[in-house]
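Scroll down for the structure; my scribbles are underneath it.
The values are calculated or read from the model by the stated rules, or taken from the named source; none is laboratory data. Since the model is a prediction, treat every value here as computed from it, not as a measurement. Note that we place each Cβ from the backbone using ideal geometry, even for glycine, and neighbour counts take in every protein chain shown.
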């Protein structure tokens, strides 16, 4: 693929990257991660850097802050307000970080120290760069928390990270980044795994940061809806090189390079390729009902005399054989709790939940165990669900050994068949989880879930952290396997476009209650409940012109 030599220079740039090359020293020799990259960012401009995992976008971002590993060698120039970040010493780099450039990390839970209050962590950064008193620094921390929309900042400045929701923690990270009024913010996947409504709030906050502070923003993301919503210009990277660069509206309307076209084509779009298109009633009414909930409630007991938390509140639904049922809603709505209850991983409090004909109220593990082989589970994070000390082949074979009692040789044959079914080479059975990419691990996770030919598959956010091209391949594979094997599936996600693409029947959860249910295309295309309407309005679409109109309508509502 040839590099598109578009001139990406702009006048008055706060950041200017010129001929950047980054190589990593490995046991197998040098690996070129970034090759000849160059682009500028002006004050008050948002430049999105997009591409698949391994394209070099995150390495480029970390180079801006001088955060490369010791094994990396960088050449070229990264000029930040005229200073070359590649040639600065440790003391100069520390001074530049925070004052000239700050970073918003992908996962706020790991970026924030759990043993210190968020106020202490923001104050620490302020006092490291300025000679002001603790009292003045705390006042500034409170003010910046107020600016990013944290309620009661005078009180919450003394809260610990675990006392904030995921969206609020991301706001705290942005507050810390803004504390010293930097000229540039590098935002690395700032909305990954956030609910669409929370994501919309964070994007609105970043837009306000750009407009109110005239801050330049480098946005690293694989979510093309986010790019369409926020970016002024887009830089597309592939295998360490820039293949295309253009204003956002121009790039979405008329992509020139084949790779960019393929990247945009892989993005799920609400209403396109809907699994329920043309349906007027629920299919499979005469089919076996595998899951049926009636007035299902799940309450987590409180501690030290405090009242319990009602996670699921009188939900009624059913899943028929061969059907994909999509369950959507924000974090805390009860989606995962229901999925885990169906798998026998959460106990139910009241009502009825029949799974494969078995009543789960007051269930006994001994009597339910024989049904587990008919239920597969695909977890959100396959890296955390695999045993890192076992090979992929051993992980996939584990259900066969536990439930079928197969000997290792017979299990090995079945593992090879499963890996082939999910389009992974049989040689991957010898690899360990950390040796696979995110998309490859998720394919292996799907192979493990299908090992026992289950009647029911529960998929909990299986593609939320994957690149769009990898996500498209995993979703296409899921559709093919479901059509071929005929298993029923509960597909849990906060990505409405993905759910629309896979599910014929959709349920919408809000604070533990099922507020809307119906044929997917009807729920997505003509929602009745105000919450469903808000969810759909919050979803950014991969079209800057359409998204601008949607955002204006959403803000008026």
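Values as computed for the structure displayed
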read-out: Residue count, the range 353-390 (criterion: part of a helix (DSSP H, G or I), under 31 Å from the mean Cα position of the chain (by Cα) and either without any contact (Cβ under 8 Å) to a residue 12 or more places away in the chain or farther than 30 Å from residue 192 by Cβ (or both)); value: 4
read-out: Subset of the range 507-525 (residues that are within 21 Å of residue 351 (Cβ to Cβ) and touching a residue at least 40 places away in the same chain (Cβ under 8 Å)); value: 507, 508, 509, 510, 511, 512, 513, 514, 517
read-out: Sole exception among (1) under 26 Å from residue 61 (Cβ atoms); (2) over 29 Å from the mean Cα position of the chain (by Cα); (3) free of Cβ contacts under 8 Å to residues at least 12 places away in the same chain for residue 132, by number; value: (1)
read-out: When residues of the range 227-239 are limited to those that are crowded, with 24+ Cβ neighbours inside 10 Å and outside any strand (DSSP E or B), the one nearest to the chain's Cα centre (by Cα); value: 227
read-out: Residues within the range 213-226 that are modelled with pLDDT of 90 or more and either surrounded by fewer than 19 Cβ atoms within 10 Å (Cβ to Cβ) or touching a helix residue (DSSP H, G or I) at 6+ places or on another chain (Cβ under 7 Å) (or both), tallied; value: 6
read-out: Lone unmet requirement of (1) under 29 Å from the mean Cα position of the chain (by Cα); (2) crowded, with 19+ Cβ neighbours inside 10 Å; (3) outside any loop (DSSP other than H, G, I, E, B) for residue 268; value: (3)
read-out: Which numbered condition residue 250 misses (of (1) part of a loop (DSSP other than H, G, I, E, B); (2) within 26 Å of residue 20 (Cα to Cα); (3) out of contact with any helix residue (DSSP H, G or I) (no Cβ under 7 Å at 6 or more places or on another chain)); value: (1)
read-out: Failed criterion for residue 406 (all others in (1) farther than 19 Å from residue 470 by Cβ; (2) assigned to a helix (DSSP H, G or I); (3) at pLDDT below 85 hold); value: (2)
read-out: Lone unmet requirement of (1) within 24 Å of residue 337 (Cβ to Cβ); (2) in contact with a helix residue (DSSP H, G or I) (Cβ under 8 Å, 6 or more places away or on another chain) for residue 297; value: (2)
read-out: Residue in the range 397-407 that is touching a helix residue (DSSP H, G or I) at 6+ places or on another chain (Cβ under 6 Å), under 21 Å from residue 473 (Cβ atoms) and crowded, with 18+ Cβ neighbours inside 10 Å present; value: no
read-out: Residue pairs meeting the criteria (Cβ under 7 Å; at least 6 apart or on separate chains; first under 21 Å from residue 98 (Cβ atoms), in the range 54-71; second at pLDDT below 90 and not in a helix (DSSP H, G or I)); value: 58/188; 61/188; 62/68
read-out: Test: residue 470 is touching a residue at least 12 places away in the same chain (Cβ under 8 Å) and touching a strand residue (DSSP E or B) at 6+ places or on another chain (Cβ under 6 Å); value: no
read-out: Test: residue 431 is surrounded by fewer than 16 Cβ atoms within 10 Å (Cβ to Cβ) and farther than 21 Å from residue 485 by Cβ; value: no
read-out: In the range 393-440, the residues that are within 30 Å of the chain's Cα centre (by Cα) and within 25 Å of residue 369 (Cα to Cα); value: 393, 394, 395, 396, 397, 398, 399, 415, 418
read-out: Residues satisfying the stated conditions in the range 96-121, i.e. closer than 15 Å to residue 185 by Cβ and in contact (Cβ under 8 Å) with a residue 40 or more places away in the chain; value: 98, 99, 100, 101, 102, 103, 104, 105, 106, 108, 111
read-out: Subset of the range 460-474 [in a loop (DSSP other than H, G, I, E, B) and within 22 Å of residue 336 (Cβ to Cβ)]; value: 461, 462, 463, 464, 465, 466
read-out: Residue among 255, 247 that alone is surrounded by fewer than 23 Cβ atoms within 10 Å (Cβ to Cβ) and without any contact (Cβ under 8 Å) to a residue 12 or more places away in the chain; value: 255
read-out: Filter result for residue 391 (in contact with a strand residue (DSSP E or B) (Cβ under 6 Å, 6 or more places away or on another chain), surrounded by fewer than 19 Cβ atoms within 10 Å (Cβ to Cβ) and at pLDDT 90 or above); value: no
read-out: Residues that are within 23 Å of residue 234 (Cβ to Cβ) and crowded, with 18+ Cβ neighbours inside 10 Å, drawn from the range 22-41; value: 22, 33, 34, 37, 38, 39, 40, 41
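To keep it simple, each residue is scored yes or no on (1) modelled with pLDDT under 90; (2) surrounded by 21 or more Cβ atoms within 10 Å (Cβ to Cβ); (3) part of a helix (DSSP H, G or I).
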site: 448; (1), (2), (3): no, yes, yes
site: 458; (1), (2), (3): no, yes, no
site: 500; (1), (2), (3): no, yes, yes
site: 517; (1), (2), (3): no, no, no
site: 523; (1), (2), (3): no, yes, yes
site: 548; (1), (2), (3): yes, no, yes
